[in-house]
Amino acid sequence: MGQHNQTRIREVVLLGFSGEQSINLCIFAVFLFAYLITIVGNTLIIITILIDPRLNTPMYFFLCNLSFLDICYTTSVAPQLLTHLWTNRKTISFNRCMTQLYIALSLGGTEFLLLAAMAYDRYVAVCHPLHYMVIMSRRKCIQIALAAWMGGFFNAVVQTVFTTNLHFYCFNSINHFTCEILVVIKLACSFTFVNHIIFLVAGVIVLMIPFVVVLLSYVYIISAILRIRSSQGRKRAFSTCSSHLTVVSLCFGTVIFAYGRPRANTSPNQDKILTVIYSVLTPMLNPIIYSLRNKEVKRALSNFVRKAFLLEKS
């Protein structure tokens, strides 16, 4: 192999959405709108939870973490995607590509762990209401949240280290709009079997185990709700879980379908669409789902907006 091929690639070409410029500008407008809604919506959720004492509960503590995570996750993908749609230069340095890979892995893993923690919180609230504040104490919630963040970042460290140790000498083009781990591994000229095994093990730990926790939590939750005699009581109990269940279905469903289906039957365009759903659209929909389906959040948001409007007028 020649000296040129022995030099590690310095830039990665992200082919992204390779269409006409007019089509790319339309996609740019849609993604820009989604990104702005994500930032504004999740920021409003965080501010509302922090300033409203009635939302000082474990459920909203985890929701605040989730909203902050969604802002960070979308920001790790959307600005670069928007830049590449607006300009003809679609390259990214190799180091930035690895950084983006690390951030996406860490925040993605943390999100699944946080959603499992939120499912456990709902299980305790519905099945053990009298001991809820004792079991889900402030200290316990902070410990659970820290464990979720540390678990996500540890997963990212392991996978990123093994990925950067591969030999990237041969190719520098990715048929994607972001440095997603499986397409980055395809660039390597070396043996990648170990990387795929690590990816599979990580998927079981940070995706499938949290998914099982969510399923088991809702099995117990639904069983407890069905034992409630009054229809009003059942409705009230289910309303506390409906927003989280909607977000869980959207998030886990998309990612499990994206990575669980046979790779031989996949196409780059399908991968791009699924990545858009869980990295751009889902973070945008989360605050909308929680604000529209949760009366406490709606009331707190309306109070915050009204006070801000009156303060501005005065």
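Working ranking of peptides 138-151, 221-234 by packing, defined as the average number of other Cβ atoms within 10 Å per residue, highest first, is 138-151, 221-234. The Cβ shell under 15 Å around I144 holds other residues with a net charge of +2, Lys and Arg each +1, Asp and Glu each -1. Accessible area per residue for the chain, computed on protein heavy atoms with a 1.4 Å probe, is 52 Å². Of the trypsin sites (Lys or Arg not before Pro) in the stretch 73-109, the ones in a loop by DSSP (not H, G, I, E or B) with at most 10 other beta carbons within 10 Å are R89.
Compute the Cα gyration tensor for the stretch 1-92, then decide on rounded, prolate or oblate, letting a ≥ b ≥ c be the square roots of its eigenvalues: rounded whenever a/c is under 1.5, prolate when a/b is larger than b/c in the other cases, and oblate in all that remain. Because a/c hits 1.5 or more and a/b fails to exceed b/c, the stretch 1-92 counts as oblate. When the Cα atoms of the stretch 75-217 are aligned to their principal axes, the ranges along those axes come out at 61, 36, 24 Å in descending order. Within straight-line reach of K272, meaning a Cα separation under 18 Å, sit the following aspartates and glutamates at least 8 residues removed in sequence or on another chain: E20, E180. Rounded to the nearest 20 debye, the dipole size of the chain about its Cα centre is 980 debye, using +1 on the Cβ of Lys and Arg and -1 on the Cβ of Asp and Glu. Electrostatic tally near T38: other residues with Cβ closer than 14 Å to its Cβ, Lys and Arg +1, Asp and Glu -1, net -2.
Cysteine residues of the chain whose C-beta has no other cysteine C-beta under 4.7 angstrom: C26, C64, C72, C127, C141, C241, C251. Shape analysis of the stretch 199-254 based on the Cα gyration tensor places the equivalent ellipsoid semi-axes at 28, 12, 5 Å, largest first.
Taking only the Cα atoms of the chain, the radius of gyration and Dmax are 21.5, 77 Å.
The values are calculated or read from the model by the stated rules, or taken from the named source; none is laboratory data. Not measured: the values here are computed from a predicted model. Cβ atoms come from the backbone with ideal geometry, glycine included; neighbour counts cover every protein chain shown. Please note that ligands, DNA and RNA were not included when accessible areas were found on the heavy atoms of the full protein model with its side chains. Shrake-Rupley method; radii C 1.70, N 1.55, O 1.52, S 1.80 Å.
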